[in-house]
Every structure is written in C-alpha cells, then in structure tokens.
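What follows is a single structure, written as structure tokens, with notes after it.
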Amino acid sequence: MITIDTISPESNDYKLTMLNVNQGDSLLFETPQREAVLIDTGGTLHKPGEKVKHNIAKKRVLPTLRRHGVKKIKYLIITHPHVDHMGELNYLINAMNIENLIINQQSFQKNQINLLKKQCKQHSVKILDFKMIPYFFLSQAKFNLLDTTIQTSEDLNEQSIVTLIEYKDIKILLMGDASTKNEFELVKKYNIGKIDILKVGHHGSKTSTSDNFINIIKPHISLISVGKSNLYNLPNIEIIKRLQQAHSNTYMTSQSGEVTITLKRHLIINGQRQ
Ligand SMILES: [Zn+2]
Ligand SMILES: [Zn+2]
C-alpha cells in the first residue's frame with residue numbers, strides 16, 4: 001500500500017530520501033536516532049578552468065541533512081568515481097562530520113586515492129574498501145555491500161558498489177550506475193528475491209534495468225535520480241515503460257524533486273507519483 005503524504009522529516013521512523021541533485025545521485029538513509037548513511041554526494045561536471053562552486057552540496061545536500069537533523073554521517077558510500085556521484089565529496093569532507101568513507105578502492109586512480117587518503121586523514125575520516133566489509137549495521141538496518149563488479153571492464157559504472165538495505169521485511173536495492181552486466185552478476189551471485197524499493201541503475205539509462213532483472217526483483221517502487229532536460233535524454237522511455245509494465249511506482253527527481261519514503265509497515269512517500 002502506498003500513501004502519498006507530507007510527513008515532516010522529523011518523524012520517528014527509518015527513512016530513505018532521494019535528494020534532488022539534478023543530474024547525479026545522492027541518497028540518505030536515516031534512523032529515528034538520526035544516524036545516517038549517505039550514498040553518493042551528487043556533483044556537477046565542470047569545464048576545464050571553470051571555478052567549482054559546489055552548489056549541489058551547498059543548496060541541496062547540506063540543507064537536506066540539516067532539515068533532517070543529521071549532524072554526522074556514519075558511513076558515506078561512494079558507488080563509483082564519477083563526478084555526478086562524488087563531485088561534492090571534497091566539499092562534504094570539509095563541511096560535515098563523516099566517520100567512515102566506503103569506496104571501491106580498485107576503481108580509483110592512484111593519485112586520486114592518495115589525495116583522498118590525505119584529505120580523510122586530515123579530517124579523521126576512516127577509508128574502508130567495500131570488498132573488506134560485506135555488510136554493516138546502522139541500528140536495526142543491515143547494509144549489504146554487494147560485489148557485482150566486472151573485473152575486465154574499463155567502464156567505471158560497472159565498478160559500482162551495489163547496496164542492499166534490509167530493515168524488518170523491507171528490502172531496498174541501490175544500484176549506483178551498475179549496468180545489465182552487473183545485474184546478471186547480482187542475480188547469479190546473490191539470492192536477493194523481490195525488492196520493495198529500487199534505486200534504478202544509471203539514471204534510467206538503457207544500459208541498465210534489463211527485462212530479466214525487473215522480472216526477478218519486481219520492484220514495488222522505483223526511484224530515478226535524473227536532471228530536468230539533461231544532456232543525455234535520461235531516463236530512457238523504454239525503461240520507464242518497462243517499469244510501468246512491471247507495475248512499479250516510479251518517482252523521478254526531475255518531476256517530484258526530493259522524495260522521502262518512510263519505512264513503516266507500509267511505505268509512506270513524500271513526492272509526486274509519475
Ligand atoms: Zn551517474
Ligand atoms: Zn557513472
């Protein structure tokens with residue numbers, strides 16, 4: 001059952017929020033005690049020489065964290081090193097109290113990782129490689145970090161960390177920019193079954209969300225983080241149709257803005273349905 005509601009962010013429940021970071025990804029999971037996990041930071045592509053303004057962090061990420069009463073990020077997961085997923089990382093390390101940073105170390109370039117390590121040391125942020133921690137708990141919510149990476153691929157999207165959150169009997173699957181190849185691996189390697197909430201891979205691009213995958217996980221709700229009239233013409237219309245055919249209630253940041261789902265016996269959604 002889905003109820004469209006305008007709940008206040010301070011309510012005493014576990015919540016998942018898809019932030020409105022234009023073309024990019026950033027998701028917040030929080031407990032009633034305001035313990036928080038952030039998955040990706042959003043970020044904007046800049047032309048060489050252009051001044052980086054960090055407007056996504058300043059105008060979207062930090063205000064949302066403030067509004068939700070989140071003072072510390074216990075875990076920040078960077079799914080993969082593309083600017084629309086980690087562009088605001090440097091800024092957030094300076095601006096926020098972050099305890100742990102989870103990355104796929106292999107997907108980073110050497111100079112990139114060295115710089116990150118230095119910065120994390122300065123701010124007492126612990127860097128963890130996702131391959132070393134198959135799961136962790138945030139109060140009663142279990143975060144499974146699934147390794148579906150394609151070793152032979154040079155496409156960084158295919159190095160995405162896939163996160164499966166289990167809270168009570170609710171299952172949330174966050175795909176990063178993972179492709180259909182990763183989906184194939186996921187199904188082969190892990191018995192994930194039906195999913196309540198899917199953060200659709202790669203902003204609804206045709207590279208992800210195969211027919212086969214959707215038929216297996218049958219997502220009750222699908223979330224697509226995508227910029228209004230973006231350069232890439234995302235989401236792909238075929239993917240939207242595919243989700244509709246699977247009776248998945250689909251929400252996009254380009255139309256609904258920020259979407260918060262309260263994880264109760266039934267899910268309460270704050271956002272406009274497409
Ligand atoms: Zn992306
Ligand atoms: Zn990407």
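Each Cα pair under 8 Å and six or more residues apart adds its separation to the average, and for the chain the resulting relative contact order is 19 percent.
Do the alpha carbons of any pairs in K53/K206; K15/K241; K126/K264; K110/K131 sit beyond 22 Å of each other, and which pairs? Exceeds cut-off: K53/K206; K15/K241; K126/K264.
Cα gyration tensor of segment 181-266, axes a ≥ b ≥ c as square roots of the eigenvalues: rounded (a/c below 1.5), prolate (a/b > b/c) or oblate? The partial results should precede the final answer.
Details: a/c = 1.90, a/b = 1.19, b/c = 1.60.
Taking the square roots of the gyration eigenvalues as a ≥ b ≥ c, segment 181-266 is oblate.
For the chain, the alpha carbon convex hull comes to 123 Å³ per residue, rounded to a whole number. With an a/c value of 1.5 or above and a/b not larger than b/c for the gyration tensor axes a ≥ b ≥ c computed over the alpha-carbon atoms, segment 84-198 is described as oblate.
What shape does segment 130-274 have by the C-alpha gyration tensor, where a ≥ b ≥ c are the square roots of the eigenvalues, rounded means a/c under 1.5, and otherwise prolate means a/b greater than b/c and oblate the rest? Can you show the working numbers first?
Working: a/c = 1.56, a/b = 1.07, b/c = 1.45.
Verdict is oblate for segment 130-274.
With unit charges on the beta carbons (Lys and Arg positive, Asp and Glu negative) and the dipole taken about the Cα centre of segment 2-270, which residue among L164, P48, V200 sits farthest to the positive side? Farthest along the dipole direction, towards plus: P48.
Laboratory data are not the source of any read-out in this text; all were calculated from the coordinates shown. Please read these numbers as outputs of a predicted model, since none were measured by experiment. Please note: Cβ atoms are built from the backbone with ideal geometry, for glycine as well, and neighbour counts cover all protein chains shown.
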